[in-house]
Amino acid sequence: MRDDVHFYEPARGHGLAHDPFNAIIAPRPIGWISSRGPDGALNLAPYSFFNAFNYRPPIVGFASVGDKDTVRNLREAGEFGWNLATRALAEAMNMTSAAVAADVDEFALAGLTPAPSRVISVPRVTETPVSFECRVSQIVQLQTAGGARVETWMVFGEVVGVHIDQRLLRDGIYDTAAGDPILRGGGPADYFTIDAAHRFRMHRPQ
């Protein structure tokens, strides 16, 4: 084995100051998920294990390490909102990651305004330029290669409504950089932004 390669088996520990896994699979979009509890209490929480998984119908998904309030709300209500976390909303997004009681409204905690959705009953974040209305399609508990259950739940949702600020549409094309999204990196506190200067284009071969 090369001396300049750090190798480890995750089950035996990484031997580093901080687990590199999240830093390698990065940067990742943030699943800023709005939901409503059975008692009507609003919940808003960010998940760094988030992405898109299908075009038609559009399906997004996020993983919750632990059976948290959001997952319990989604099992009950069957719907949720996704809200784009932008640089301007970074501090507010971070506030919604606080470990608080289930009856605490994170919208109010972070000084955000709930906006009515068009298709689902769960509100979205007024201040964000982009949000999705989603209906839960699957909730799957993860398991190891050996079949042991892991205390992590993967939630998939079909996007049934999309809200986009008109300023982010240029000739009918969504301008990703103009949305100024923040992306989760590695380490205990690393985030990244993107800008048009780092964009390059590459078409698939015909």
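Every number here is computed from the coordinates shown, using simple stated rules; none is lab data. What you are looking at is a predicted structure, and each value in this text was computed from that prediction instead of being measured. Every residue, glycine among them, receives a Cβ derived from its backbone with ideal geometry; neighbour counts consider all protein chains shown.
Selection of the stretch 3-48 for residues being of a type in the set (Phe, Trp, Tyr), touching a residue at least 24 places away in the same chain (Cβ under 8 Å) and closer than 16 Å to Met154 by Cβ yields an empty set.
Can you confirm whether Ile59 is within 15 Å of Arg184 (Cα to Cα), touching a residue at least 60 places away in the same chain (Cβ under 8 Å) and in contact with a strand residue (DSSP E or B) (Cβ under 7 Å, 6 or more places away or on another chain)? So Ile59 fails the test.
Within the stretch 1-15, the set of residues being under 17 Å from Pro188 (Cα atoms) and surrounded by 10 or more Cβ atoms within 10 Å (Cβ to Cβ) comprises His14 only.
All told, Glu127 meets the bar of being among the charged types (D, E, K, R), under 27 Å from Asp180 (Cα atoms) and touching a helix residue (DSSP H, G or I) at 6+ places or on another chain (Cβ under 7 Å).
Residue count for the stretch 156-206 satisfying the condition of being among the aromatic types (Phe, Trp, Tyr) and farther than 30 Å from Ala17 by Cα: 3. No other residue among Asn54, Asn73, Asn83 is polar (S, T, N, Q) and either surrounded by fewer than 17 Cβ atoms within 10 Å (Cβ to Cβ) or touching a residue at least 60 places away in the same chain (Cβ under 8 Å) (or both) apart from Asn54.
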